[in-house]
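> Have a look at this one.
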Amino acid sequence: MKNYFFTALLLGILMACNTTPEGYNLKGTLTGELENGTQVFLKKNDGTNQLVEVDTTTIENGQYTFTGTSALPELHYLVINEVRGTIPVVLENGSIEVSAQIDSLAFAKMKGTLQNDLFADFLVESRSFAKRARSMTDEMRNARALQDSAAITSLRDEYFELQEIAKTFELKFAKEHPEALISALIIEKVLTTKALPENEVRELYDALSPNIKETVVGQRIKSTLDKLASTSIGVKAPNFSAPTPTGDELALNDVLGKVTIVDFWAAWCKPCRAENPNVVQVYNKYHDKGLNILGVSLDRRAEDWTKAIEDDGLVWNHVSNVKYFDEIAELYNVKAIPATFILDENGVIIAKDLRGPALENKISELLQ
């Protein structure tokens, strides 16, 4: 009889340890002056950087609860009615605890599930970088008010150094925690900002755990990488056509030279306009040797586009749907501009995103 009870107890313990939570139970605690009945919203990003409501509840005596199921971990945000700021939290099945003060939601603490424990660890270091950056912003403001050029230069250098330290930390975190949702979010940011070469981003993605690859952000990364593969170096550039400033339809294949630059830009893009004089110089120097350029504008207004062409002296071919980041940008996976693709005479991509001296050096190499 004793052996029977011992075996039953052991089996019970093992079953409890192996039970996967069927849903989430998010318990929140808020300290500060807040009336009972105040609404709390659970929201998530809809994919266009807009927060959409998933659920809502009310606060009673500083406490609130959300329950439900989450097939895969996904970043959500807690929004308290009439309180500034949001609280990020990873929604996944299990018991999640979130605590915060209403006057400092940015410093909320979350714990209780694997993803939220990892997220909390990441935030400790990340918030220290953000705190230093805010302090440097205040110091820079004072230095400019005093016209202290030495202090301004020193602070600018320190800020760039801080950015590199923060980037190194994030990449290290992503490499060391392939099971973390925040790692996928880091990889997506690196991919969007082109902070790493495509092959290195792919290595980071490939190392993610299967569960994280299945998440919404994991699937977004895969989709982006698949699109990048269609415009990677060594691949024939996708053909497209769009209206010229005069309204005629012009295709990429119609303007290929010995070397062709496909230049995504816009009148509103300051880095693009700053780079234009260099592109003009390169074009004037190498056009007679076989260089063609096709400018693809992501402007919203035709008058802005055509005025910038005239003001900057951009005498090459131009097209635009005048629809901001349109289907051509999507075809080439252009998320930020300026973005350039250098093609050979067959329309094969041989280089990407070169600017300044690097652009001229490459064109010179190809047309000498």
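> Is it the case that segment 346-363 has a residue that's among the small types (Gly, Ala, Ser) and either more than 18 Å from residue 230 (Cα to Cα) or not assigned by TED's automatic domain parsing to the domain that holds residue 276 (or both)?
Scanning segment 346-363 turns up at least one residue that is among the small types (Gly, Ala, Ser) and either more than 18 Å from residue 230 (Cα to Cα) or not assigned by TED's automatic domain parsing to the domain that holds residue 276 (or both).
> Could I ask something else about it? Being in contact with a helix residue (DSSP H, G or I) (Cβ under 7 Å, 6 or more places away or on another chain) and over 18 Å from residue 279 (Cβ atoms) is the filter here; which residues of segment 295-320 pass it?
none
> In this structure, does residue 126 turn out to be modelled with pLDDT under 95, surrounded by 13 or more Cβ atoms within 10 Å (Cβ to Cβ) and under 30 Å from residue 27 (Cβ atoms)?
yes
> Within 27 Å of the chain's Cα centre (by Cα), exposed (fewer than 15 other Cβ atoms within 10 Å of the Cβ) and at pLDDT below 95, is that true of residue 84?
Yes, satisfied.
> Restricting the search to segment 216-234, which residues are touching a strand residue (DSSP E or B) at 6+ places or on another chain (Cβ under 6 Å) and more than 27 Å from residue 261 (Cα to Cα)?
Passing the criteria: only 216.
> Does residue 295 meet the test of being modelled with pLDDT of 95 or more and touching a Leu at 6+ places or on another chain (Cβ under 9 Å)?
Taking the combined requirement at face value, the residue satisfies it.
> Only one residue in 149, 241, 154 is at pLDDT 95 or above, farther than 30 Å from residue 71 by Cα and either more than 19 Å from the chain's Cα centre (by Cα) or of a type outside the set (S, T, N, Q) (or both), so which one is that?
Only one candidate qualifies: 241.
> Continuing with the same structure: Considering segment 180-197 alone, what residues qualify as being in a helix (DSSP H, G or I) and farther than 23 Å from residue 114 by Cα?
190, 191, 192, 193
> Could you tell me which of the residues 294, 314, 331 is closer than 19 Å to residue 253 by Cα, more than 24 Å from the chain's Cα centre (by Cα) and of a type outside the set (Ser, Thr, Tyr)?
The conditions single out 294.
> Still on this model: In this structure, is residue 160 closer than 30 Å to residue 28 by Cα, assigned to a helix (DSSP H, G or I) and either β-branched (Val, Ile, Thr) or not assigned by TED's automatic domain parsing to the domain that holds residue 79 (or both)?
Considered against the rule, which asks whether it is closer than 30 Å to residue 28 by Cα, assigned to a helix (DSSP H, G or I) and either β-branched (Val, Ile, Thr) or not assigned by TED's automatic domain parsing to the domain that holds residue 79 (or both), residue 160 comes out as no.
> Of these, 192, 168, which one is touching a Lys or Arg at 6+ places or on another chain (Cβ under 6 Å) and either in the same structural domain as residue 206 (by TED's automatic domain parsing) or touching a residue at least 24 places away in the same chain (Cβ under 8 Å) (or both)?
Sole residue among the options that is touching a Lys or Arg at 6+ places or on another chain (Cβ under 6 Å) and either in the same structural domain as residue 206 (by TED's automatic domain parsing) or touching a residue at least 24 places away in the same chain (Cβ under 8 Å) (or both): 192.
> Considering 120, 100, which residue is in the same structural domain as residue 184 (by TED's automatic domain parsing), surrounded by 14 or more Cβ atoms within 10 Å (Cβ to Cβ), farther than 17 Å from residue 45 by Cα and of a type in the set (Gly, Ala, Ser)?
After ruling out the rest, the residue left standing is 120.
The values are calculated or read from the model by the stated rules, or taken from the named source; none is laboratory data. Given the structure is predicted, the values throughout are model-derived calculations rather than measurements. Every residue, glycine as well, gets a Cβ built from its backbone with ideal geometry; the counts of neighbours run over all protein chains shown.
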